[in-house]
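Notes for the one structure printed next.
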Amino acid sequence: PGPARAGEVAVLGASGFIGRRTVEKLLERGLPVTAVVRSDRTLPAEIARGVESGRVRVLSARLEDPASLAKALAGAKVVLQLATGAIDSWEAAERTMVRGSVAAAEAALEAGAGRFVYVSSIAALDTGSARPIEDSLATDPRPESRSVYARGKIAAEKALVELRRTRG
C-alpha cells in the first residue's frame, strides 16, 4: 500500500467483530482507513470492498511487535485500538493486551497521531456491587478475582492512563 493519506484513521483489530463494523462506518463518513490486521490472507467483506475501491490500506502488524506497529501507524492522524490478540493465559494477556496496547499507543505518539482511542470492555468495570456503573476511569479494584480477559483489560486501561499521565 501507498503512504498514509490526509486524515488517515488506523484501526488495529480491523478484521475483528467490532473492527470490521468500525471500518465500514469510517468509510461511510468518507475517511481514509488503514486496516491493521494480524494476517491479510483472509479479509472480511467490509475490508475487501474498501481495498478494491482504494479507500482502505491493509497492513499487517502484531501487538507484540513494536516495529510492525510503527510501520502500520506511520502517518495516521487517529489510531483506534480494538485488537485483543490471542489470550489463553495471563502471560499472553499481559504480552498482547497490556504491553501490546502500550506499544501501540507509543507508536501512535511517535507517528504524531492526534488521537489514540483504546476500546476496552465492560468486563474491566467493577460490576460486583449494587451501585450503578458509571462512565469513569475506575476499574474493578479486585482484578485478581476476574477472568484473564477482564484482568487484561483492567491492566491495559491502567497502563494507558499512566502513559497518558507521563507522556501526554
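The values are calculated or read from the model by the stated rules, or taken from the named source; none is laboratory data. All values reported here derive from a predicted model rather than from experimental measurement. Neighbour counts are summed over all protein chains in view; Cβ atoms, including those assigned to glycine, are modelled from backbone coordinates with ideal geometry. Quick note on the areas: whole protein, heavy atoms, side chains included, nothing else; ligands and nucleic acids left out. Shrake-Rupley method; radii C 1.70, N 1.55, O 1.52, S 1.80 Å.
Filtering the range 57-73 down to residues that are among the basic types (Lys, Arg) and farther than 15 Å from Val9 by Cβ, which residue is farthest from the chain's Cα centre (by Cα)? Per the criteria, the residue is Lys71.
Entry remark, the range 71-99: residues being in contact (Cβ under 8 Å) with a residue 24 or more places away in the chain and closer than 28 Å to Ala6 by Cβ number 12 in total.
Residue-wise test of (1) touching a Pro at 6+ places or on another chain (Cβ under 6 Å); (2) among the small types (Gly, Ala, Ser); (3) part of a helix (DSSP H, G or I).
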site: Gly54; (1), (2), (3): no, yes, no
site: Val58; (1), (2), (3): no, no, no
site: Glu64; (1), (2), (3): no, no, no
site: Ala72; (1), (2), (3): no, yes, yes
site: Gly85; (1), (2), (3): no, yes, no
site: Ala93; (1), (2), (3): no, yes, yes
site: Gly100; (1), (2), (3): no, yes, yes
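For the range 97-121, give me each residue that is within 17 Å of Gly19 (Cα to Cα) and among the β-branched types (Val, Ile, Thr). Those that are within 17 Å of Gly19 (Cα to Cα) and among the β-branched types (Val, Ile, Thr): Val117, Val119. Scan the range 129-146 for residues that are in a helix (DSSP H, G or I) and open to solvent by 40 Å² or more (accessible area, probe 1.4 Å) and report the count. Within the range 129-146, residues that are in a helix (DSSP H, G or I) and open to solvent by 40 Å² or more (accessible area, probe 1.4 Å) number 2. Mind counting the residues in the range 1-20 that are within 14 Å of the chain's Cα centre (by Cα), over 22 Å from Leu109 (Cβ atoms) and of a type outside the set (Phe, Trp, Tyr)? The total comes to 4.
The rows are residues; the columns are (1) closer than 21 Å to Leu82 by Cβ; (2) without any contact (Cβ under 8 Å) to a residue 12 or more places away in the chain; (3) exposed (fewer than 11 other Cβ atoms within 10 Å of the Cβ).
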| position | (1), (2), (3) |
| --- | --- |
| Ile122 | yes, yes, yes |
| Thr127 | no, no, no |
| Val148 | yes, no, no |
| Lys153 | yes, no, no |
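Those residues that are under 19 Å from Arg115 (Cα atoms), over 12 Å from the mean Cα position of the chain (by Cα) and open to solvent by less than 30 Å² (accessible area, probe 1.4 Å), I need them from the range 29-56; list them, please. Hits for the range 29-56 are Pro32, Val33, Thr34. Residues in the range 57-67 that are open to solvent by less than 20 Å² (accessible area, probe 1.4 Å) and closer than 12 Å to Asp40 by Cβ: Ala61 alone.
Among the residues of this structure, Ala76 counts as one that is surrounded by 21 or more Cβ atoms within 10 Å (Cβ to Cβ) and either farther than 14 Å from Val11 by Cα or of a type in the set (Gly, Ala, Ser) (or both). For the range 6-27, a residue qualifies if it is under 19 Å from Glu52 (Cβ atoms), in contact (Cβ under 8 Å) with a residue 60 or more places away in the chain and either assigned to a strand (DSSP E or B) or open to solvent by 40 Å² or more (accessible area, probe 1.4 Å) (or both), and the qualifying residues are Val9, Val11.
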